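The next block holds one structure in the form of structure tokens; read it before the comments.
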Amino acid sequence: MSAPEDEERLLPLTQRWPRASKFLLSGCAATVAELATFPLDLTKTRLQIQGEAALARLGGGAGEAAPYRGMVRTALGIIQEEGFLKLWQGVTPAIYRHIVYSGGRMVTYEHLREVVFGKGEDKHYPLWKSVIGGMMAGVVGQFLANPTDLVKVQMQMEGKRKLEGKPLRFRGVHHAFAKIFAEGGIRGLWAGWVPNIQRAALVNMGDLTTYDTVKHYLVLNTPLEDNIMTHGLSSLCSGLVASILGTPADVIKSRIMNQPRDKQGRGLLYKSSTDCLIQAVQGEGFMSLYKGFLPSWLRMTPWSLVFWLTYEKIREMSGVSPF
């Protein structure tokens, strides 16, 4: 065996398989963040479905007659009517989703940043490159994770169906995957993928671009070093920007994924994400696109904080260079 091969065997796993290592590390950080903030995601999804005008026209009168609930009343209602642990209903597919989604987006973004676009001579990464890289990373990560996101959204609505006297659709995560596949095939598992990747592109343009830009601005232009303080400030900014950019697309995504479907897997309420957007604005007003913004922001900010602090720390502990 040659000397270079011997040396390669002695390298740490993170250096021998850098992309796989970053995928796993980002998946671990995303799991921690998801468990900590999932109740806010469930509350956000319930708010986004609430008062859906298209569903009322189809015959969902129960949803139309229900009184409007804000974020706090929705969360308390879930606890009182369904039980405290139901705040984590759908967390298993959510974790599956974030392992695939976060791993895919982080690996893609870093590959684009380091290999495809590259930094300037001053080691600065231009904003326009970061914007394009963030959007492309979001598209790749979300497309791969769409089936898990679909199952997560539909399982989050099971408690509401039970309260309305409707039969539950799924017995568990694996049954949900199997049933969706049996009813709609591969196409059914990617239902809502267009608004999903649109949302992911916007969210990651806000999250990855803002975090990367703010972090390196602080390191290069202030006395702050690449430490927990810098990571925390950067993640707080990224969470706010991601929520502002991503909430309208998130509302559209949730509604398309949760709509009833025919035997061919086609939606009965909306023909496309554009159709859903038009119906929402015409039937409920423009601000319906920001239903669930408060829990979305309150979730995105701590999610971003927990994710980036955890991710940067485990990269450091694993011998991987800082993001």
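The values are calculated or read from the model by the stated rules, or taken from the named source; none is laboratory data. Keep in mind that this is a model prediction, so the values were computed, not measured. Ideal geometry is used to build each Cβ from the backbone, glycine not excepted, and the neighbour counts take in all protein chains shown. These accessible areas exclude ligands, DNA and RNA; they are computed on the full protein's heavy atoms, side chains included. Shrake-Rupley method; radii C 1.70, N 1.55, O 1.52, S 1.80 Å.
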Worksheet item: Does any residue of the range 167-184 turn out to be at pLDDT below 85, farther than 23 Å from Arg46 by Cβ and open to solvent by less than 70 Å² (accessible area, probe 1.4 Å)?
Response: yes
Worksheet item: Looking only at the range 287-296, which residues are of a type in the set (A, V, I, L, M, F, W, C) and crowded, with 20+ Cβ neighbours inside 10 Å?
Response: Phe293
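Restricted to the range 20-53, and to residues that are among the β-branched types (Val, Ile, Thr) and either under 24 Å from Ile252 (Cα atoms) or more than 13 Å from the chain's Cα centre (by Cα) (or both), which residue is surrounded by the fewest Cβ atoms within 10 Å (Cβ to Cβ)? Steps first, please.
Residues of the range 20-53 among the β-branched types (Val, Ile, Thr): 31-32, 37, 43, 45, 49.
With either under 24 Å from Ile252 (Cα atoms) or more than 13 Å from the chain's Cα centre (by Cα) (or both) added as a condition, the list becomes 32, 37, 43, 45, 49.
Numbers: Val32: 18, Thr37: 20, Thr43: 28, Thr45: 27, Ile49: 21.
Ranking the candidates gives Val32 first.
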Worksheet item: How many residues does the range 178-203 hold that are farther than 30 Å from Thr301 by Cα and touching a residue at least 40 places away in the same chain (Cβ under 8 Å)?
Response: 5
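Given the criteria surrounded by fewer than 17 Cβ atoms within 10 Å (Cβ to Cβ) and either at pLDDT 85 or above or over 30 Å from Leu208 (Cα atoms) (or both), does Arg73 qualify? Quick ask: steps written out before the conclusion?
On the way: surrounded by fewer than 17 Cβ atoms within 10 Å (Cβ to Cβ): yes; either at pLDDT 85 or above or over 30 Å from Leu208 (Cα atoms) (or both): yes.
Considered against the rule, which asks whether it is surrounded by fewer than 17 Cβ atoms within 10 Å (Cβ to Cβ) and either at pLDDT 85 or above or over 30 Å from Leu208 (Cα atoms) (or both), Arg73 comes out as yes.
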Practice prompt. Taking only the range 238-286 into account, find how many residues are touching a helix residue (DSSP H, G or I) at 6+ places or on another chain (Cβ under 9 Å), exposed (fewer than 15 other Cβ atoms within 10 Å of the Cβ) and assigned to a loop (DSSP other than H, G, I, E, B).
Written response: 6
Worksheet item: Right, His111: part of a helix (DSSP H, G or I), over 28 Å from Leu245 (Cα atoms) and open to solvent by 50 Å² or more (accessible area, probe 1.4 Å) or not?
Response: no
Practice prompt. Identify, by number, the condition in (1) out of contact with any Gly (no Cβ under 6 Å at 6 or more places or on another chain); (2) surrounded by fewer than 19 Cβ atoms within 10 Å (Cβ to Cβ) that Arg187 doesn't meet.
Written response: (1)
Discussion item. List the residue pairs whose Cβ atoms are under 7 Å apart, where the first residue sits in the range 143-166 and is outside any helix (DSSP H, G or I), the second is open to solvent by 60 Å² or more (accessible area, probe 1.4 Å), and the two are 6 or more positions apart or on different chains.
Written reply: Glu164/Ala62
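For Glu81, are the conditions met, namely being modelled with pLDDT under 85, open to solvent by 40 Å² or more (accessible area, probe 1.4 Å) and assigned to a helix (DSSP H, G or I)? Write out each step before concluding.
Details: modelled with pLDDT under 85: yes; open to solvent by 40 Å² or more (accessible area, probe 1.4 Å): yes; assigned to a helix (DSSP H, G or I): yes.
The answer is yes for Glu81.
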Response to the item:
Residue pairs within 7 Å by beta carbon, gap of at least six or interchain, first lying in the range 87-101 and on the phi < 0 side of the Ramachandran plot, second surrounded by fewer than 21 Cβ atoms within 10 Å (Cβ to Cβ) and of a type in the set (Val, Ile, Thr), listed first then second, are Leu87/Ile79; Thr92/Val173; Pro93/Val173; Ile95/Thr31; His98/Thr31; Ile99/Thr31
Response to the item:
By residue number, the members of the range 289-317 that are hydroxyl-bearing (Ser, Thr, Tyr) and modelled with pLDDT of 85 or more are Tyr290, Thr301, Ser304, Thr310, Tyr311
Fill in: Tally of residues being β-branched (Val, Ile, Thr) and under 22 Å from Gly159 (Cβ atoms) across the range 228-267
2
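Return yes or no: is Arg299 part of a helix (DSSP H, G or I) and within 20 Å of the chain's Cα centre (by Cα)?
Details: part of a helix (DSSP H, G or I): yes; within 20 Å of the chain's Cα centre (by Cα): yes.
Yes: the conditions hold for Arg299.
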